């Protein structure tokens, strides 16, 4: 392997980062027998720009003498939690310690501020072994699950539960932001105002929709849905409220004409898994593992936004 340079990534690197990601993920697909999937760069750049804007100090890349990106590692730091939001090394660059060096640099971002670090990762054995070496213990699988929400069209929430649609003005509404912060702190273990700014901005542009749920004047959960059918995050403060709120979110998707919705569902959320399987949703090929240095929040009442922001 020629001379390797490690440095922080910038927006100018987005093309090279995506090419390295494609090389690594397509190799993983081939080795695990998964069908090839189109992954256009524009589908990823909006999230990557967001992470660079707020967590640029945790995004490291490795490049060769010619400037080709060999691999990269990025993190999202939210209060006392650190999440590995991306970690990819080109297949021809694997086995030279690049992944270990990238992960070490990314873990240094926010060190002393975060109390736990976590990831949800593919079932690639070498990566799983590396995460274990860095103190992240496998807790449970996360299912990629998808299906038609039509069976919940017209679903009505239990009495006294109120759904407040999130709108373009929600980002500046103090009561809404206090409620979202409180729910995230309780369920996810950290507030995430910057991420809500992103999602609520897309609510304003029509690319996302969302609901904030109340009972007796107290917030009990929220949900987001993208225009491309990605559900999440979905949060419920109490485990018993999660399925009713999930049913409502999916009922809203069905009313808007979605014939296909997908999400990454923690398998520990057993009631939600049972609901979706009863609706004849399918768990996709391959799955991810949730690994963490300590238990994180309340994953039995949570659906993440995805593998970049969790």
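Quick note: the coordinates plus some simple rules give every number you see, no bench work behind them. The model shown is predicted, which means the values in this text are computed figures rather than measured ones. Counting neighbours? That spans all protein chains shown, and the Cβs are built from the backbone with ideal geometry, glycine included.
Identify, please: which residue in the stretch 294-310 is assigned to a loop (DSSP other than H, G, I, E, B) and more than 13 Å from the chain's Cα centre (by Cα) and is, among those, surrounded by the fewest Cβ atoms within 10 Å (Cβ to Cβ)?
295
How many residues does the stretch 1-33 contain that are touching a helix residue (DSSP H, G or I) at 6+ places or on another chain (Cβ under 8 Å) and either assigned to a helix (DSSP H, G or I) or surrounded by 14 or more Cβ atoms within 10 Å (Cβ to Cβ) (or both)?
12
If I filter the stretch 41-87 down to residues being under 18 Å from the mean Cα position of the chain (by Cα), without any contact (Cβ under 8 Å) to a residue 60 or more places away in the chain and part of a loop (DSSP other than H, G, I, E, B), which single residue comes out as nearest to residue 199 (Cα to Cα)?
41
What number of residues in the stretch 229-257 are in a helix (DSSP H, G or I) and within 26 Å of residue 189 (Cβ to Cβ)?
Total meeting the criteria: 12.
On the basis of being closer than 25 Å to residue 290 by Cβ and in a strand (DSSP E or B), does residue 209 make the cut?
no
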